[in-house]
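This report concerns only the one structure given below.
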Amino acid sequence: MKRLSICIVTQQYRSVISGIGLHARNLLYGLHRDGHRITLLTQAAQKDDTVPEDVEVMTVQGFPLLERSHARWISLAWQFANKLRSMNIDRFDIVHFTDAREALWFAGYHPATIGNVNDFYAAQLQPLSYYAQHYADAWKRWLYYLFVHYCERLTFHKLSALIANSEYTRRAIQVAYRLTPGKLFRCFKCINFDIYEASKLSYHSSEGMVLFVGGNLQRKGLQVLIKAAPLIVKRRPDIKFYVVGYDNNIPKMQKLCRQLGVEANFIFLGWLPNDEVRRLYLEADIFAMPSLSEAFGVALLEALASGVPVVATRVGGIPEFIQHGINGLLIEPNNPRELAESILKLLEDVDMAAQLGQQGRITAQHFGLEQMLKCTYRVYELVLGISSLC
């Protein structure tokens, strides 16, 4: 196997707050294990003591105020470009951005620059009326997506290759930006299946626990879950909804809980360390993520690995790994009543819930590190014109 010198550029490493951080850790671990020479470029606040000693770590300062913002990539793109240009970038065979947008001011400076495409929301830009219907921050969101759409169009054409996280994302990006054929590939994200224990599924509990995990809470449908809650509480008064994640719209979500009389049923936990989230998967009776749109959904994959029955929406890349009635339940987006009915069905049908949970565990095993690396190596081979990485 040819050994490569690879620079991984990522906004997240120490703190995993989205699929980007999880992918960065898995990618570095796998490439390093296979003997490649790795340089990690990340924020100073993301430097982690668990990085292997022979991995070179370079940092930029980042902006702490933007650390939890979805717009954090904008300032980091500028800092990453400046840092890379100050280095001898010719020593790298590959420069790999875990968020392709962060190559905004660097794309074109290295002949083998690759970026992961983690969503399609800016590519499939909707009219303002759509955001006004579904989001409390409609104007801000529409203007942000408009800006991102322009940046992605500019950046993606300059990159050597792009790796989408689902087939839906790949097609959406290809159509929206009319990329050169053969530049855009699909490689699913992965999880370390071995660290996820199987849930004991406490359906004998009269209370019940529904878990929601994710950032960008409105897009992931938290408001839909809150609207479904009164219908569920009517039959299960003591049920608890645990919400892991944070964005600036949390106060509006809490206000909606109060308006619908379910404030006592919702517990907002903010961001939690990965081991605590895994513990919650084990304790949950159901994992619900009724996204309005979703490129892939790593949290759903984590729930499957934990054997928790999932309720998700039939959107984006989700149907590529969740089959309705086989390893989860799929509903239409923005449908609180259907969501409530699906959650109640799983709470009341122990056999169905257990079967879905068991099949979910089986599904998750097909999204491991080796599958992701094999796919990534194929992209590297095509970009470098070699055939000896796998």
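Some notes on this structure:
- Test: residue in region 217-226 that is of a type in the set (Val, Ile, Thr), assigned to a helix (DSSP H, G or I) and open to solvent by less than 70 Å² (accessible area, probe 1.4 Å): yes
- Matching residues in region 90-148 - criterion: being assigned to a helix (DSSP H, G or I), surrounded by fewer than 21 Cβ atoms within 10 Å (Cβ to Cβ) and acidic (Asp, Glu): Asp90
- Test result for Glu338, out of contact with any strand residue (DSSP E or B) (no Cβ under 7 Å at 6 or more places or on another chain), in a helix (DSSP H, G or I) and of a type in the set (Asp, Glu): no
- Total residues in region 251-267 satisfying the condition of being open to solvent by 60 Å² or more (accessible area, probe 1.4 Å) and among the polar types (S, T, N, Q): the figure is 2.
- Filter result for Arg178 (modelled with pLDDT of 90 or more and crowded, with 18+ Cβ neighbours inside 10 Å): no
- For region 364-382, filtering for residues that are crowded, with 19+ Cβ neighbours inside 10 Å and either touching a residue at least 40 places away in the same chain (Cβ under 8 Å) or touching a strand residue (DSSP E or B) at 6+ places or on another chain (Cβ under 7 Å) (or both) leaves 7.
- Test result for Ile74, open to solvent by 10 Å² or more (accessible area, probe 1.4 Å) and either among the aliphatic types (A, V, I, L, M) or closer than 24 Å to Gly297 by Cα (or both): yes
Table: residues versus (1) among the acidic types (Asp, Glu); (2) under 24 Å from Asn26 (Cα atoms); (3) buried (at least 24 other Cβ atoms within 10 Å of the Cβ); (4) within 19 Å of the chain's Cα centre (by Cα).
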| site | (1), (2), (3), (4) |
| --- | --- |
| Pro290 | no, no, yes, yes |
| Ser293 | no, no, no, yes |
| Val308 | no, yes, yes, yes |
| Pro319 | no, yes, no, yes |
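- Criterion violated by Leu329 - all others in (1) modelled with pLDDT of 95 or more; (2) not in a strand (DSSP E or B) satisfied: (2)
- Among residues of region 318-337 that are on the phi > 0 side of the Ramachandran plot, those with a Cβ under 7 angstrom from a residue that is open to solvent by 10 Å² or more (accessible area, probe 1.4 Å), sequence gap 6+ or separate chain, pair up as Asn334/His134; Asn334/Leu292.
- There is no residue in region 234-244 that is more than 21 Å from Ala340 (Cα to Cα), of a type in the set (Lys, Arg) and in a helix (DSSP H, G or I).
- Test: residue in region 354-363 that is within 25 Å of Leu159 (Cβ to Cβ) and either surrounded by 15 or more Cβ atoms within 10 Å (Cβ to Cβ) or hydroxyl-bearing (Ser, Thr, Tyr) (or both): no
- Leu389 satisfies every condition listed in (1) buried (at least 16 other Cβ atoms within 10 Å of the Cβ); (2) at pLDDT below 95; (3) more than 28 Å from Ser160 (Cβ to Cβ) except (3).
- Of residues in region 8-40 being more than 21 Å from Asn165 (Cβ to Cβ) and in contact (Cβ under 8 Å) with a residue 40 or more places away in the chain, the one least open to solvent (accessible area, probe 1.4 Å): Thr39
- Qualifying residues in region 247-297 (those that are among the aromatic types (Phe, Trp, Tyr) and in a strand (DSSP E or B)) - the one farthest from Ala228 (Cα to Cα): Phe268
- Some residue of region 156-163 being surrounded by fewer than 21 Cβ atoms within 10 Å (Cβ to Cβ) and either under 30 Å from Pro251 (Cβ atoms) or touching a Phe, Trp or Tyr at 6+ places or on another chain (Cβ under 6 Å) (or both): no
- Selection of region 181-200 for residues being free of Cβ contacts under 8 Å to residues at least 40 places away in the same chain and open to solvent by less than 60 Å² (accessible area, probe 1.4 Å) yields only Lys183.
- Considering region 233-250, and only residues there that are open to solvent by 70 Å² or more (accessible area, probe 1.4 Å) and in contact (Cβ under 8 Å) with a residue 40 or more places away in the chain, the residue that is farthest from Gly215 (Cα to Cα) turns out to be Arg235.
The values are calculated or read from the model by the stated rules, or taken from the named source; none is laboratory data. If you're wondering where the values come from, they're calculated on a predicted model, not measured in any experiment. Backbone-built Cβ (ideal geometry, glycine too); neighbour counts: all protein chains shown. Note: areas computed on protein heavy atoms with side chains; ligands, DNA, RNA excluded. Shrake-Rupley method; radii C 1.70, N 1.55, O 1.52, S 1.80 Å.
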